[in-house]
Amino acid sequence: MWKKNVLETIGNTPMIQLNKVSKGLPGTILAKVDYFNPGNSIKDRMALKMVEVAEQEGKLKPGGTIIEGTSGNTGMGLALAACVKGYKCIFVTTDKQSKEKVDILKAVGAEVIVCPTNVMPDDPRSYYSVAKRLGKEIPNSMYMNQYDNLANRQAHYESTGPEIWEQTEGKITHLVCTAGTGGTITGTAMYLKEKNPNIQVWAIDVYGSLLTHYYQTGEVNMDYVHPYISEGFGEDFVPENYDMSVIDHFEQVTDKDGAVMARRIAKEEGLFCGYSAGSCLQGLMQLKDKLPSDAVVVCIFHDHGSRYVGKVYNDQWMMERGFLDVKTFKDIVNGRQAKRLISVSPEDTVAEAVALMKKYDIEHIPVMQDGQPVGTVSENGLFQKVFSNADIKDAKVGSVSEPSYPVVDFDTPVERLGSLINKETGAVLAKDEKGDYHIVTKYDVLQSLAK
C-alpha cells in the first residue's frame, strides 16, 4: 500500500548493529539510524508532532506561518509538514551552521534568517530572540519553540521509545543520545524507564555547553559556556523539555573527537551520519568501562552526513581546525633535506638538464619561466627521445619538454597526491607560504608513508 504523503513515511527507522567501529566495546552496540526519515533526521518526528498539536489547539490556522529557531534539522521537518499542509515557513539559524543546511531549507521553500552565534540567548540578535520577535510581529504565525514546546518530547515518547523497545525485544540496557533541546533523550527515556527502570540513559554533551554542569549541580553557570563547533546538541540555557530525573549520566565530548568518530562510522560501518552521531559513539567509547559484558546499547544517530560535506567530511576544514592528523605535501617537504627546487629554463640545453639529474640524483625537473612552471623534463622522457635523435643533448629544453606537473595546495593530503602521480605524471608541484615552488615525486610519497 502506498503512502498518501511524505509525512506518513516518518518513523519506523532501522536499528543497525555496529561491528567494526565498536570493536573493543562490551556487549552489543546498536544504532537507531534516524537519517532514514524523509527529512534525513530524527527531528522529523517532533516537527510533525509540534505542528499537529498546534493545529489541535487552534494556534496554527490555515495559511499561517511557521516560525522556528533551528540548527537546520528541525527546520527541515517543519518545512516538510508545511509543504503538505500548506503553511509558510521562516527559520532563524546561526552562522556556525553548515551552508548545506541553509541551502536545503531554502530548497524546500523556507525563508532563512542567519544570526550571530556568539551572543547570549537573551541578546536581541540571538536566533532565539529573533524567532520569538517574529512570532509576535507576523500576523497568523506561530513560533514553535522546540526547546520549550513539550510536544517535542511527546513525539519521542510516542514513537522513538516504543520503536527501540520493540526492535530490541525489550533487551535494551543502555540508551546513549546527544543532548540538545532535550526532547529526544527525555521523551525516549521516559518511555523506556516506564518499561524497565533499570535502563541506563547516558546523555552526551559538548565542551562549551552548560548542560553537564547543570545536571551535576542544578545551577545555571554561564562561566561554563564558550563557543564550540559541534552542531545540533549542547545548549547555553536549559530547555523546558528536560526532565533530568530520567537521565543517569552526562558525558562531554570534544569537537575534534566527535568529528573524527563521525568519519570513522562512515568508513568502517558504511553509515554516512552527521556530527552528533560521531559524538554519541565517542561518548560511549569514553564510558566503555561502565558497560557490562551483556549490555545491549542503543545509540541515537540523529541525522545524515550530507548536512556536513563542507565541514566534517571536508579534509581541508578538518585540517584547518587541527582535527585531521594526516601527512600533507607540506609535511613531505619539511621532512626532507633538500629545500631548494631544482629547475631549468626553456633556454637551457638537454645536456644541462641531464647534468642536474646526475648531480642531485633526481628523475624529474620542472621547466620554469618567470617563476612559473611551463613544462617538465624527466629521465624517462629524455631516454625515449634519445632513440629518435642522438644529438638531442644540444637541443633546448623548451623544444623537448613535456606538459607541466599538476599544481596543488601546499596542504594537500598525501593520499590525494598518490592519486595524482601516475605513469604519465611523475610528480606534483605546490607553492609554500612564501610563494616558492616545491616538488613531490612518487618516491617522496612512498618514503613518507613508510615513516
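The values are calculated or read from the model by the stated rules, or taken from the named source; none is laboratory data. What you are looking at is a predicted structure, and each value in this text was computed from that prediction instead of being measured. As a convention, Cβ positions derive from the backbone with ideal geometry for all residues, glycine included, and neighbour counts pool all protein chains shown.
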Residue within segment 98-120 that is more than 20 Å from Gly39 (Cα to Cα) and hydroxyl-bearing (Ser, Thr, Tyr) present: yes
Entirely in segment 91-183, the helices (runs of 4 or more DSSP H) that have 2 or more residues that are under 20 Å from Pro227 (Cα atoms): 99-107, 127-137
Some residue of segment 144-163 being within 19 Å of Glu235 (Cα to Cα) and among the charged types (D, E, K, R): yes
Segment 307-322: number of residues that are surrounded by 14 or more Cβ atoms within 10 Å (Cβ to Cβ) and either assigned by TED's automatic domain parsing to the domain that holds Gly72 or in a helix (DSSP H, G or I) (or both): 6
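State yes or no: is Arg336 part of a loop (DSSP other than H, G, I, E, B) and in contact (Cβ under 8 Å) with a residue 12 or more places away in the chain?
On the way: part of a loop (DSSP other than H, G, I, E, B): yes; in contact (Cβ under 8 Å) with a residue 12 or more places away in the chain: yes.
The answer is yes for Arg336.
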Segments classed as strands (runs of 3 or more DSSP E), wholly inside segment 15-71, with at least 1 members that are under 24 Å from the mean Cα position of the chain (by Cα), outside the structural domain of Tyr275 (by TED's automatic domain parsing) and farther than 30 Å from Pro292 by Cα: 65-69
The one condition in (1) buried (at least 21 other Cβ atoms within 10 Å of the Cβ); (2) in the same structural domain as Gly258 (by TED's automatic domain parsing) that Gly208 fails to fulfil: (1)
Helices (runs of 4 or more DSSP H) wholly inside segment 356-426 containing at least 1 residues that are modelled with pLDDT under 80 and hydroxyl-bearing (Ser, Thr, Tyr): 414-420
Segment 331-377 - residue that is under 41 Å from the mean Cα position of the chain (by Cα) and of a type in the set (Lys, Arg) and, of those, nearest to Ile392 (Cα to Cα): Arg340
Checklist (1) part of a helix (DSSP H, G or I); (2) farther than 29 Å from Val119 by Cα applied to Pro197, failing item: (1)
Residue within segment 55-73 that is among the acidic types (Asp, Glu), touching a strand residue (DSSP E or B) at 6+ places or on another chain (Cβ under 8 Å) and crowded, with 23+ Cβ neighbours inside 10 Å present: yes
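Just to check your reading of the model, which residue among Ala266, Ala277, Ala295 is under 26 Å from Tyr214 (Cα atoms) and either touching a Cys at 6+ places or on another chain (Cβ under 6 Å) or surrounded by 17 or more Cβ atoms within 10 Å (Cβ to Cβ) (or both)? Explain how you work it out, then say what you get.
Working: Ala266 fails: under 26 Å from Tyr214 (Cα atoms); Ala295 fails: under 26 Å from Tyr214 (Cα atoms).
Residue meeting the stated conditions: Ala277.
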Positions within segment 211-245 being at positive phi and either in contact with a helix residue (DSSP H, G or I) (Cβ under 8 Å, 6 or more places away or on another chain) or surrounded by 14 or more Cβ atoms within 10 Å (Cβ to Cβ) (or both), in sequence order: Gly232, Gly234
Contacts under 7 angstrom Cβ, first residue in segment 178-199 being basic (Lys, Arg), partner not in a helix (DSSP H, G or I), 6 or more apart: Lys193/Ile199; Lys195/Gly170
